[in-house]
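Inspection log for the structure reproduced underneath, given as structure tokens.
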Amino acid sequence: MFDAETTALLRAVLEEVCENISVFEIGARTHVASKILEAAANGRLSIDELKAAGHSALNAPLRR
């Protein structure tokens, strides 16, 4: 579990990365969030690393 400061950072990064994605695009936003969380869980906690993980998720094809 992340502390409140880290949680706020993760949320801010998610919102920034998904700024051009509708809030109704739940699948895409969930995919980005999961990749940002995965990066954080692996110790990649800098803003740049988290944004890179989020942008990478946006540019990768979704697997079904």
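Pairs of alpha-carbon atoms within less than 8 angstrom and 6+ residues apart define the contacts here; what relative contact order does the chain have, in percent?
Working: 42 pairs, mean separation 22.5, N = 64.
Here the relative contact order equals 35 percent.
What do you reckon, how do Asp48, Asp3 stack up by accessible area (1.4 Å probe), largest on top?
I get Asp48, Asp3, largest accessible area first.
Rounding to the nearest 20 debye, state how big the charge dipole of the chain is about its Cα centre with +1 on each Lys and Arg Cβ and -1 on each Asp and Glu Cβ.
That gives the chain a dipole magnitude of about 360 debye.
For labels at Thr6 and Ile26 in the simple 7 Å Cα→Cβ model, what's the distance in nm?
Between Thr6 and Ile26, the label points sit 2.8 nm apart.
Taking only protein heavy atoms and a 1.4 Å probe, what accessible area per residue, in Å², does the chain have with all protein chains in place?
73
The values are calculated or read from the model by the stated rules, or taken from the named source; none is laboratory data. Please read these numbers as outputs of a predicted model, since none were measured by experiment. Reconstructed Cβ throughout: ideal geometry from the backbone, glycine too, with neighbour counts over all protein chains shown. These accessible areas exclude ligands, DNA and RNA; they are computed on the full protein's heavy atoms, side chains included. Shrake-Rupley method; radii C 1.70, N 1.55, O 1.52, S 1.80 Å.
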